[in-house]
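Here the structure comes first, spelled out in structure tokens, and everything after it is commentary.
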Amino acid sequence: MSLSFRASVAPLDLSALNQLAQAIADPGFAIFPNFLAADISQDLVTLIEEKILSNELKRAGIGKGIASQVHSEIRTDSIFWLDPNDSNTTAQRWLGAMDLLCAHLRSSLFLPVHSYEGHLARYPGSGFYKAHLDQHQKSAARQISIIIYLNEDWNASDGGQLRLYTDVSRGVKGPFIDVIPRFSTLVIFRSADFWHEVLPASRSRLSLTGWLRGRDTPG
Ligand code: OGA
Ligand code: MN
């Protein structure tokens, strides 16, 4: 009984969905420490640990589809894309929550978001991702970026902060916030607007990073 009850609890309730929508409306980004119920964050940690052990994380590239190439001078993480056809309960719960968020942002903010794509990511010790925007140059499909950190017992001195540049017009020349990638912290921002980078860490760093997408535009 308790198991089926637990599995039916949504990772994001209505109040969480509202908080996310409000942040996206203004100022367009937010950082929420301890945002998810501990059980879903814990299950995501278990999932990424399983994928690491079974060697299913692959070096991440830059660019879309077959044009994607590994550039170790830009990013050094390894990733595993969540698959909607995967029967894994944790992946399904998370994808379900992201569908709900998509629907919520469509109805409350009229955002043109229709699907979610996301990957588990592991940055090795001293890994990094240089400053970038999440919208691909040739596509406006990525509208909203959502990151969940999965690092238990992470301290500021471990590094690996997400540096989020908060002034849309000044980008990397403007002010920034450094987010410590602590277990169950959620970061959300408009993908087209906010420059960000991952600073080197002294140990390996785990996250789930994903995007709410609009319809792909040709070209
Ligand atoms: C990304 C990214 C940030 C982070 O994968 O595009 O910017 O903090 N990740 O992991
Ligand atoms: Mn990014």
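Computed from the coordinates by the stated procedures, all read-outs in this text should not be read as laboratory data. Owing to the predicted nature of the structure, the values given are computational and were not obtained by experimental measurement. In this analysis, Cβ positions are derived from the backbone assuming ideal geometry, glycine residues included, and neighbour counts consider all displayed protein chains.
Observations, loosely collected:
- Straight-distance crosslink candidates among aspartates and glutamates, where the alpha carbon sits under 20 Å from residue 51 and sequence neighbours closer than 8 are dropped: 39, 43, 77, 83, 86, 117, 152
- Listed values for segment 196-204 are Karplus-derived 3J(HN,Hα) couplings in whole Hz (6.51 cos²θ - 1.76 cosθ + 1.60, θ = phi - 60°), namely 7, 8, 9, 7, x, 10, 8, 9, 6, and x replaces Gly and Pro.
- Per-residue [θ]222 nm for the chain (sum of -39500 (n - 2.57) over DSSP H runs n ≥ 4, rounded to 500): -8000 deg cm²/dmol
- Segment 1-127: C-alpha gyration tensor shape, a/c 1.5 cut-off, then a/b vs b/c: oblate
- For residue 197, neighbours were defined as the other residues whose beta-carbon sits under 14 Å from its Cβ, and their charges (Lys and Arg +1, Asp and Glu -1) total +1.
- Amide H contacts of residue 111 (H built 1.01 Å from N, in plane; Pro and chain starts excluded): 106 sit under 5 Å, all sequence-distant by 5 or more or on other chains.
- Taking amide hydrogens as placed 1.01 Å from N in the peptide plane, the amide H of residue 186 sits under 5 Å from those of 32, 34, 35, each at least 5 positions away in sequence or on another chain.
- For a straight C-alpha distance cut-off of 17 angstrom, the aspartates and glutamates reachable from residue 173 (same-chain residues fewer than eight places away being disregarded) are 193, 197.
- Environment charge at residue 95 (Cβ cut-off 12 Å; Lys +1, Arg +1, Asp -1, Glu -1): -3
- Loop-located GluC sites (Glu not before Pro) in segment 67-169 (DSSP state not H, G, I, E or B) with no more than 12 neighbouring Cβ atoms inside 10 Å: 73, 152.
- Each of 198, 172, 179, 113 was scored by other Cβ atoms within 10 Å of its Cβ. Listed from fewest to most, they are 172, 179, 113, 198.
- Sequence-distant residues sharing a close amide H with residue 144 (under 5 Å, placed H): 191, 212
- Cβ-based net charge around residue 106, under 13 Å, with every Lys or Arg adding one and every Asp or Glu removing one: +1
- Anisotropy class of the chain from Cα gyration tensor, a/c 1.5 cut: rounded
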